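Asks: The structure that follows is given in the form of structure tokens.
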Amino acid sequence: MKKTFICLANSKKYGARCIAGIEVIPKPTGGWKIVRLNSHPKWVRPVSNGPHGEVSANEAAAIKLLDVVEFEALRPYPNGYQTENVLFRKGSLRRLGAVSAKEKAMSVLSDKTATMIFGEDPRRVPTSDIQHYQHSLLLARLDAIQIYYPVEYKTMSPRAKILFRGRKYDLPVTDIQTILALYEKPDLLSEYGHIYGTFSLGMAFEGYHYKILAGLIYY
């Protein structure tokens, strides 16, 4: 069975990639119609049967955010709160086209009902609380964002200080496309008035599920 989605995350994961987006179906008159689940846009994350469900970097290399991507879905493959997971046939990811970053499109794709990014904590969710979540992906428009490179972590991987609905968050940026663009132009985001973030809840690590900024769309 084929599934199609608008890519909203192409994130580094254990040397490979995690790809996810909102499922769509073709309109008879052209374009794409968003698939909804309980009135919300339906997310899909194609995963492999590898230890972390990762997608190979080679297969994901040509896929950019807002690309329309098709793949061969084998079966639903949920993992607890990661209800969006779908096992896919390796080698079946195929780019069909792209949608443009316009306010009307982004407003329809984003979750305007969200008041928090997976709870109040600025960085993580305790494993003891994860049963309260039935999803692991969220797209939201940000009120403000500041990129920085923490010396204390001894890494050049960026982090983001985010303001969303009056709450502050401090999250790692794993969006490959944005990481590369920031290397070329560190003040890149200052040029844009509309910034949307795709947020993901990672797998358990030392008693916590860490929040991740897995995609950034700006215009």
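Asks: Do you know which residues across segment 140-163 are closer than 22 Å to ILE195 by Cα and among the aromatic types (Phe, Trp, Tyr)?
Replies: TYR148, TYR149 - these are the residues of segment 140-163 that are closer than 22 Å to ILE195 by Cα and among the aromatic types (Phe, Trp, Tyr).
Asks: Counting residues that are assigned by TED's automatic domain parsing to the domain that holds GLY30, which strands (runs of 3 or more DSSP E) fully inside segment 91-209 reach at least 1?
Replies: Answer list for segment 91-209: 94-98.
Asks: Hey, could you check segment 188-218 for residues that are modelled with pLDDT of 95 or more and among the charged types (D, E, K, R) and say which is nearest to LYS64 (Cα to Cα)?
Replies: Among residues in segment 188-218 that are modelled with pLDDT of 95 or more and among the charged types (D, E, K, R), the one nearest to LYS64 (Cα to Cα) is LYS211.
Asks: Next question, about the same structure. Go through the residues of segment 126-138 one by one and say whether even a single one is in contact with a Pro (Cβ under 9 Å, 6 or more places away or on another chain) and at pLDDT 95 or above.
Replies: No, segment 126-138 has no match at all.
Asks: Considering each of ASN49, ASN58, ASN85 in turn, give the residue that is of a type in the set (S, T, N, Q), without any contact (Cβ under 8 Å) to a residue 60 or more places away in the chain and within 16 Å of GLY21 (Cα to Cα).
Replies: From the options ASN49, ASN58, ASN85, the qualifying one is ASN85.
Asks: Would you pick out the residues in segment 194-219 that are of a type outside the set (Phe, Trp, Tyr), over 18 Å from ARG45 (Cβ atoms) and either touching a residue at least 24 places away in the same chain (Cβ under 8 Å) or touching a Gly at 6+ places or on another chain (Cβ under 6 Å) (or both)?
Replies: HIS194, ILE195, GLY207
Okay, residues lined up against (1) in contact with a strand residue (DSSP E or B) (Cβ under 7 Å, 6 or more places away or on another chain); (2) aliphatic (A, V, I, L, M):
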| residue | (1), (2) |
| --- | --- |
| LYS2 | yes, no |
| GLY31 | no, no |
| VAL47 | yes, yes |
| ALA61 | no, yes |
| PRO78 | yes, no |
| LYS90 | no, no |
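Asks: For the structure I just gave you, tell me whether ALA73 is among the aliphatic types (A, V, I, L, M), part of a loop (DSSP other than H, G, I, E, B), in contact (Cβ under 8 Å) with a residue 12 or more places away in the chain and out of contact with any His (no Cβ under 6 Å at 6 or more places or on another chain).
Replies: Answer is no for this residue.
Asks: So LYS33 clears everything in (1) outside any strand (DSSP E or B); (2) at pLDDT 90 or above except one condition, right? Which one?
Replies: (1)
Asks: Within segment 97-106, which residues are touching a residue at least 12 places away in the same chain (Cβ under 8 Å) and surrounded by fewer than 19 Cβ atoms within 10 Å (Cβ to Cβ)?
Replies: GLY97, ALA98, VAL99, SER100, ALA101, LYS102, GLU103
Asks: For segment 136-159: of the residues being out of contact with any helix residue (DSSP H, G or I) (no Cβ under 9 Å at 6 or more places or on another chain) and crowded, with 16+ Cβ neighbours inside 10 Å, which is nearest to MET106 (Cα to Cα)?
Replies: ALA140
Asks: I've got another one for you. All but one of (1) surrounded by fewer than 19 Cβ atoms within 10 Å (Cβ to Cβ); (2) under 18 Å from the mean Cα position of the chain (by Cα); (3) at pLDDT 95 or above hold for ALA62; which doesn't?
Replies: (3)
The values are calculated or read from the model by the stated rules, or taken from the named source; none is laboratory data. Because the structure is predicted, anything quoted here is derived from the model rather than measured. For neighbour counting, all protein chains shown are included, and Cβ atoms are generated from backbone atoms with ideal geometry for every residue, glycine included.
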